[in-house]
Amino acid sequence: MDWTALFLSLRLAGWTVAILLPVSILAGRFLAYRQFGAKGLVEAVVMLPLVLPPTVFGFYLLLAFGRNSPVGAFWQETFGHQLVFTFEGLLLASVIFNLSFAIQPAQRGFEAVPIEVREAAACCGMSPWRSLWRVELPLAWPGVMTAMVLTFAHTLGEFGIILMMGGSIPGETKTIAISIYDRVQGFDMAGAGIMSATLVAISLITIAATYMLSARVGRRLS
Amino acid sequence: MPLEVMARADAPISLQASFRAEPGELLALVGHSGSGKTTLLRTIAGLWRPETARVSVDGEVWLDTAAGINLAPHRRHVGVVFQNYALFPHMTAAQNVMAAMDRGAPNPRAEAERLLALVNLPGLADRKPAQLSGGQQQRVAVARALARRPQALLLDEPFSAVDSATRERLYDEIIALRAHLKMPVVLVTHDMNEAQLLADRMVVIEKGRVVREGTTAEVMADPDALRAMGIREVAAMLPAVIVVHADDGLTRLDAATGPLFLPTIEGQPGTKVRVRIMAHEVILAKARPEELSAQNILAGTIAAITPGTGPGVIVHVRVGDDEILARITRRAVVQLHLQPGDAVHAIVKSMSVARDHVTRAPIEV
């Protein structure tokens, strides 16, 4: 059992969720309420990671953040090491790759809040921030929570993009999914089996816990 | 200080209207759907900004496009009762009411319960909106609007989402509640009956323009204004007092015009009511008719005869301190030689007064 890889995966998933939670709320809300010309294009771009093969996506990220790219060069200059093949690089890739999972369900959640209810909040003297906190977020919460669960579970299971962006450096970029692949390559079927089962259990528990929680929220609302 | 509104716009609907509502006054904006009345209400609340507009209340300017002033809705002290109430579904009735209070208000819970009691909703403070009936939800919405301590109270078709029996009760409650309201109240409705029962003054809106403005009695006696509303139901409002409920199902009321007999009206003897008498249900006679089935024969004098464009005219009959309107044909006026100052008898069938045409009179402050 590769505990280092498991904890690395959990750490990556945790950070991805932490970074994407505010993004999910603000971008989801923005896309739900605002009408603008390029809205369809923005939504399409957000959905792109869902349809592209992870290797293709990883390839472009590698180009975008590699040593010869502006972002990669800046990183190298500022921190003294390159961005790709590090945990930070992996996290950045994970955040970008998960945008569709994080934004789409949250957007649906905010869209479900009736416009009159939001107007009523304003007419009750609530500022936009207070309205978000007291009215919109409690009502859109199931969508936001779904977004975060999908992001978490999806990060745990991601393989192709991590292989492209991170390589397989133990403790830095070797996640549980990569470790399982390595074991299978090395004919350690027993080890791969234990780790796979652990991943299945963790994913199952996460999703079950979320459903139970959102059912409770649902009861509270109705 | 009054609420003053001026709005002009070309899109999305053409709008060119201005009106004012005095403190404590209930002003009805009446018009068909799509006439722009709700847009005017949204302009007051700050939910919509016309190209050119000015909204001020208590001398405080909320919106002045010429001066570049436009307060966000949450900065205007406005209470709004939305058509479908728009209660916060995740909050209880009391929490809904408290949500509209200023932060740091003392004893919000006690104040919420006081307001809920004021709108006749005691004991349901901890129910969620989904556990309340339509009428109860409307009461919560009214309490929430009042919790804002509004400088203007706006009611957007607040009775359209409930059944007619509930609506009648809510009418009575709004009328009773008005004794506590010191701010201008603007009611948007497409229902002339509702406007006549509740409003002091009416503004008739058609295609974004004010076509008639005046006291409820003036507007309701104006055939042109009513034609703009597409209705023929000119009607007078008579104040009356319930005297006794007779065994045969009729209630005797006393009005300045004399006794009235109407189908059972709910309320204890002594209760003040207002009765809406439809002009086309009134028959005029020069001499007091005898052996007639109609139970109400009211003696009065003709105050005015208003011609319409059609074959009908409206005869204003002064009876005591009040006025009854009769819609009769031009031909009848000629045949009877009716002229202002003539003595006539107005005949009203008891059964012509519908139940929802009777409402409790405002409680005098």
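How many of the residues in the range B:217-251 are more than 18 Å from the chain's Cα centre (by Cα), surrounded by fewer than 18 Cβ atoms within 10 Å (Cβ to Cβ) and in a strand (DSSP E or B)?
4
Considering only the range B:1-45, state which residues are surrounded by fewer than 16 Cβ atoms within 10 Å (Cβ to Cβ) and of a type in the set (S, T, N, Q). Break it down into steps so the answer makes sense when it comes.
Taking the range B:1-45 and keeping what is surrounded by fewer than 16 Cβ atoms within 10 Å (Cβ to Cβ), we get B:1, B:10-14, B:18, B:22, B:24, B:32-34.
The answer is B:Ser14, B:Ser18, B:Ser33.
Only one of (1) in contact with a Ser or Thr (Cβ under 8 Å, 6 or more places away or on another chain); (2) modelled with pLDDT under 95 fails for B:Trp62. Which number is that?
Result: B:Trp62 passes all but (2).
Name the residue that is nearest to the chain's Cα centre (by Cα), counting only residues in the range B:334-357 that are open to solvent by less than 20 Å² (accessible area, probe 1.4 Å) and more than 26 Å from B:Glu194 (Cβ to Cβ).
Here the answer is B:Ile347.
Test A:Thr210 against the stated conditions and say whether it is modelled with pLDDT under 90, in a helix (DSSP H, G or I) and in contact with a Phe, Trp or Tyr (Cβ under 7 Å, 6 or more places away or on another chain).
Details: modelled with pLDDT under 90: yes; in a helix (DSSP H, G or I): yes; in contact with a Phe, Trp or Tyr (Cβ under 7 Å, 6 or more places away or on another chain): no.
Considered against the rule, which asks whether it is modelled with pLDDT under 90, in a helix (DSSP H, G or I) and in contact with a Phe, Trp or Tyr (Cβ under 7 Å, 6 or more places away or on another chain), A:Thr210 comes out as no.
Can you tell which of B:Arg8, B:Arg109, B:Arg49 is among the charged types (D, E, K, R) and either under 19 Å from B:Ala143 (Cα atoms) or within 25 Å of the chain's Cα centre (by Cα) (or both)?
Working: B:Arg8 fails: either under 19 Å from B:Ala143 (Cα atoms) or within 25 Å of the chain's Cα centre (by Cα) (or both); B:Arg49 fails: either under 19 Å from B:Ala143 (Cα atoms) or within 25 Å of the chain's Cα centre (by Cα) (or both).
Result of the check over B:Arg8, B:Arg109, B:Arg49: B:Arg109.
Criterion first (at pLDDT below 90, under 15 Å from B:Val81 (Cα atoms) and not aromatic (Phe, Trp, Tyr)) does B:Val162 satisfy it?
Values: at pLDDT below 90: yes; under 15 Å from B:Val81 (Cα atoms): yes; not aromatic (Phe, Trp, Tyr): yes.
Yes.
In the range B:88-104, is there at least one residue being within 14 Å of chain A (Cβ to nearest Cβ), open to solvent by 10 Å² or more (accessible area, probe 1.4 Å) and part of a helix (DSSP H, G or I)?
Yes; the residues of the range B:88-104 include at least one that is within 14 Å of chain A (Cβ to nearest Cβ), open to solvent by 10 Å² or more (accessible area, probe 1.4 Å) and part of a helix (DSSP H, G or I).
Which ones in the range A:113-137 are open to solvent by less than 30 Å² (accessible area, probe 1.4 Å) and either more than 7 Å from chain B (Cβ to nearest Cβ) or farther than 27 Å from B:Leu41 by Cβ (or both)?
Of everything in the range A:113-137, those that are open to solvent by less than 30 Å² (accessible area, probe 1.4 Å) and either more than 7 Å from chain B (Cβ to nearest Cβ) or farther than 27 Å from B:Leu41 by Cβ (or both) turn out to be A:Val113, A:Ala121, A:Ser131, A:Leu132, A:Glu136, A:Leu137.
Going through B:Gly312, B:Gly300, B:Gly320 one at a time, which residue ends up being closer than 21 Å to B:Ala217 by Cβ and either open to solvent by 90 Å² or more (accessible area, probe 1.4 Å) or within 25 Å of the chain's Cα centre (by Cα) (or both)? Before you say what the answer is, go through the steps one by one.
Working: B:Gly312 fails: either open to solvent by 90 Å² or more (accessible area, probe 1.4 Å) or within 25 Å of the chain's Cα centre (by Cα) (or both); B:Gly300 fails: either open to solvent by 90 Å² or more (accessible area, probe 1.4 Å) or within 25 Å of the chain's Cα centre (by Cα) (or both).
Unique residue meeting the criteria: B:Gly320.
Restricting to the range B:139-171, name every residue that is buried (at least 23 other Cβ atoms within 10 Å of the Cβ), farther than 14 Å from B:Val185 by Cβ, in contact with an Asp or Glu (Cβ under 9 Å, 6 or more places away or on another chain) and within 14 Å of chain A (Cβ to nearest Cβ).
Scanning the range B:139-171 gives a single hit, B:Ala147.
Quickly run through the range B:22-65 and pick out the residues that are of a type in the set (S, T, N, Q) and either in contact (Cβ under 8 Å) with a residue 24 or more places away in the chain or not assigned by TED's automatic domain parsing to the domain that holds B:Leu181 (or both).
Keep residues of the range B:22-65 that are of a type in the set (S, T, N, Q), which gives B:33, B:35, B:38-39, B:43, B:52, B:56, B:65.
The answer is B:Ser33, B:Ser35, B:Thr38, B:Thr39, B:Thr43, B:Thr52, B:Ser56.
The conditions are (1) closer than 22 Å to B:His357 by Cβ; (2) part of a strand (DSSP E or B); (3) at pLDDT 85 or above, and B:Arg276 fails exactly one of them. Which is it?
Failed condition: (3).
Given the residues A:Leu199, A:Leu163, A:Leu204, which is the only one that is of a type outside the set (D, E, K, R), in a helix (DSSP H, G or I) and loosely packed, with under 14 Cβ neighbours inside 10 Å? If you could, list the steps in order and put the result at the bottom.
Numbers: A:Leu199 fails: loosely packed, with under 14 Cβ neighbours inside 10 Å; A:Leu163 fails: loosely packed, with under 14 Cβ neighbours inside 10 Å.
Selected residue: A:Leu204, the only one of A:Leu199, A:Leu163, A:Leu204 that is of a type outside the set (D, E, K, R), in a helix (DSSP H, G or I) and loosely packed, with under 14 Cβ neighbours inside 10 Å.
Considering the range B:105-132 alone, what residues qualify as being loosely packed, with under 13 Cβ neighbours inside 10 Å and facing another protein chain (nearest Cβ under 10 Å)?
B:Ala130
If I go through the range B:252-273 residue by residue, how many of them are part of a strand (DSSP E or B) and without any contact (Cβ under 8 Å) to a residue 60 or more places away in the chain?
Here is the first cut: in the range B:252-273, the ones part of a strand (DSSP E or B) are B:252-255, B:258-263, B:272-273.
Okay, now just the ones that are also without any contact (Cβ under 8 Å) to a residue 60 or more places away in the chain, so B:252-254, B:259.
So the answer is 4.
Restricting to the range B:73-87, what's the tally of residues that are out of contact with any Gly (no Cβ under 6 Å at 6 or more places or on another chain) and assigned to a loop (DSSP other than H, G, I, E, B)? Lay out the reasoning, then the answer.
Filtering the range B:73-87 down to residues out of contact with any Gly (no Cβ under 6 Å at 6 or more places or on another chain) leaves B:75, B:77-87.
Okay, now just the ones that are also assigned to a loop (DSSP other than H, G, I, E, B), so B:77, B:82-87.
Residues flagged as out of contact with any Gly (no Cβ under 6 Å at 6 or more places or on another chain) and assigned to a loop (DSSP other than H, G, I, E, B) within the range B:73-87 amount to 7.
Considering only residues of the range B:64-82 that are farther than 15 Å from B:Met101 by Cα and at the interface with chain A (Cβ under 8 Å from one of its Cβ atoms), which is least open to solvent (accessible area, probe 1.4 Å)?
Once the filter is applied, the top-ranked residue is B:Phe82.
The values are calculated or read from the model by the stated rules, or taken from the named source; none is laboratory data. Nothing here was measured: the structure is a model prediction, and the numbers come from that model. FYI the Cβ positions are ideal-geometry reconstructions off the backbone, even for glycines, and counts take in every protein chain you see. Just so you know, the surface numbers come from the protein's heavy atoms only, side chains and all, with ligands and any DNA or RNA stripped out. Shrake-Rupley method; radii C 1.70, N 1.55, O 1.52, S 1.80 Å.
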